[in-house]
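What follows is one structure encoded as structure tokens, with my remarks underneath.
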Amino acid sequence: DYAVFVSPEPYQDDHRYLEYCLDLGKGRLKGTILVFADQPGSSDQLPRLARRGDIIALRIHAWLPDRLPPFGKPELRQLWKLASDNGLAIQLHFLPRWAPGFEPLIKEFHDTPVIIDHLGRPLQARTPEEYEIVERCGDLPNTIIKLSSLGTVYEKPSPELKPFVNRMISAYGLERMI
């Protein structure tokens, strides 16, 4: 029905290019936004963007140690609630070591869909146990796992990924995979 334009991190919380693309798409595109819980004014733009009708998710990154969301602090919960109240899904892009910081919010906001990007980055887990939380999130009915950024598909995909894909098929089921 439409393609989804995922707001990449280099643009941070500047959504002018996203809005430009969505306007050009004339209903054929939907988008995700990236706002920050702990930066003044960043989350203020969320309600306006959600009212557009073509924004479907809030993306939260937990990738670089110096730019992590405020885990365990009220600001992250408030941002999650704001997105939920505005009908947005949460799209998580994280290294497996940061997944435990999201688990309480995934459980608390059990009616809000949560998309886990890039298969939860299995090859970036420091230990097998660290990645198990991504698999365990499959027990939560509001989670969806996204198979993306798995290498160049038209070339030879990494054989290391196949066991992780199979584990996520078992954990989430095909109906909760993108």
Selection within the range 97-124 - assigned to a loop (DSSP other than H, G, I, E, B) and closer than 13 Å to MET168 by Cβ: ARG121
Test: GLU129 is at pLDDT 95 or above and either within 17 Å of ALA62 (Cβ to Cβ) or part of a helix (DSSP H, G or I) (or both): no
Evaluation of LEU79 against (1) within 23 Å of SER149 (Cβ to Cβ); (2) surrounded by 21 or more Cβ atoms within 10 Å (Cβ to Cβ) (one fails), failing number: (1)
Selection status of PHE102, at pLDDT 95 or above, aromatic (Phe, Trp, Tyr) and more than 13 Å from the chain's Cα centre (by Cα): no
Residue list for the range 3-13, filter: surrounded by 12 or more Cβ atoms within 10 Å (Cβ to Cβ) and either without any contact (Cβ under 8 Å) to a residue 40 or more places away in the chain or not in a helix (DSSP H, G or I) (or both): VAL4, PHE5, VAL6, SER7, PRO8, TYR11, GLN12, ASP13
Residues that are touching a Leu at 6+ places or on another chain (Cβ under 8 Å), buried (at least 20 other Cβ atoms within 10 Å of the Cβ) and within 25 Å of GLY87 (Cβ to Cβ), drawn from the range 115-131: ILE115, ILE116, ASP117
Some residue of the range 97-114 being open to solvent by less than 10 Å² (accessible area, probe 1.4 Å) and closer than 21 Å to ASP13 by Cα: yes
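The values are calculated or read from the model by the stated rules, or taken from the named source; none is laboratory data. Predicted, not measured: the structure shown is a model, and the values here were computed from it. Heads up, the Cβs are rebuilt from the backbone with ideal geometry, glycines too, and the neighbour counts pull from every protein chain shown. Just the protein is used for accessible areas: all its heavy atoms, side chains included, with ligands, DNA and RNA removed. Shrake-Rupley method; radii C 1.70, N 1.55, O 1.52, S 1.80 Å.
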